[in-house]
Amino acid sequence: MDQSRHVQRGFSVSGQFVGALGNVKIVLVGTTHAGNIGATARVMKNMGLEKLRLVASTDCGPNTEAKSMSSGAYEVVENALFFESLEYALEDTVMSVATSGRLGSKRTSSRTPEELAPEILKMSQLGEVAIVFGRESRGLTNAEFTLCDHHMIIPTDSRFASMNLAQSVAVTAYEIFKAACKPVGFQVDRFKPVDSGAREDMYSHIEAVLVRSGFLNISNPLRMMREIRRILDSARLDSRDAKIIRGVFRKIDGMIRIADNKIKRLSEEHEKVNDANSKN
């Protein structure tokens, strides 16, 4: 089989966070469906996370749905550690984050995964960080919730707010990974904006050509030029872009000059004919 089919473009973790991601552990509490454990393992591996901790959860052996749902990431399940209580699972962590889809008097300081991701990465450079997910049916108890020092909520539509366990892990792991990674196989952004002098020269050129073409009123070109500036300024123009735009207008200007010369020549010929006719 062509080995190139196995090559995928992806992202790699920035050097400063390679060890940090290894300290982020996903903790599932009271999971009742083995398939959810397997699906969680898959998204963890997608996002560079390897440490899975299971608290009072169901059997997830190789004969369960956990293996099929892990889709090649079953080693994450095989290497998982099992605990009787969340308190034991959180030992030796420098930061713990409780996830919940509910807000209330005791859960008013929740932040989103995007907001917490930088702090999670920062703390994971110092030690282990636990992201805790509750039961499929009812989440974490208040007692379990209070064992964690940070609270997180994933924004969802209030009309259908509940998410599948593995989906919740995927959203959270994605935000952490996104904050830690850099693209591989994609062009690095070397954008350098066009300098103000070249930009103003471009606009002067555009204005002169549009006045010559009749598009701009020679007595008041500024009004429409403000709109043209707004449109072009909204684009990220670099020096090459400015040269291309000037090249376009140089071509337009050349065509206008040719047309003007042709009209002038025809006008002169017409006058000669009229002069000749008047003499006769």
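Here, each number is a calculation from the coordinates, and none is a lab measurement. These figures come from a predicted structure and were not determined experimentally. Here the Cβ is made from the backbone with ideal geometry for all residues, glycine too, and neighbour counts use every protein chain on show.
Per-structure values
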| item | result |
| --- | --- |
| The stretch 196-269, relative contact order [Cα under 8 Å, separation at least 6], % | 42 |
| Residues with amide H under 5 Å from that of I154, placed H, sequence gap 5 or more | S100 |
| Alpha-carbon Rg/Rh ratio, for the stretch 44-151, with Rh computed the Kirkwood way | 0.96 |
| Per-residue Cβ neighbour rank within 10 angstrom, fewest leading, H270, H150 | H270, H150 |
| Förster radius 25 Å - calculated FRET efficiency between A56 and N164 (Cβ-Cβ, nearest 0.05) | 0.80 |
| Acute angle (nearest 10 degrees) that the helix 165-180 long axis makes with the longest principal axis of the chain, alpha-carbon atoms | 60 |
| Which labelled figure in [x] 20.4; [y] 23.0; [z] 24.1 is Kirkwood radius over Cα pairs in Å, once derived from the coordinates | [z] |
| Cα lying deepest toward the dipole's positive end in the chain, options P221, S239, V77, charges on Cβ | P221 |
| Degrees, to the nearest 10: 196-213 long Cα axis against longest axis of the chain | 50 |
| Distant-in-sequence amide H partners of S96 (H built 1.01 Å from N, under 5 Å) | A130, D149, H150 |
| Cut-off 10 Å between beta-carbons: net charge of the residues surrounding V29, Lys and Arg +1, Asp and Glu -1 | +1 |
| Cα-based shape type of the stretch 196-269, given that a ≥ b ≥ c are square roots of the gyration tensor eigenvalues and the cut on a/c is 1.5 | oblate |
| Relative contact order, percent, the stretch 6-100 [alpha-carbon distance under 8 Å, six or more residues apart] | 28 |
| Value of relative contact order over the chain, rounded to a whole percent, pairs C-alpha under 8 Å and six or more apart | 20 |
| Summed residue charge, Cβ within 13 Å of A66's Cβ, Lys/Arg positive, Asp/Glu negative | -2 |
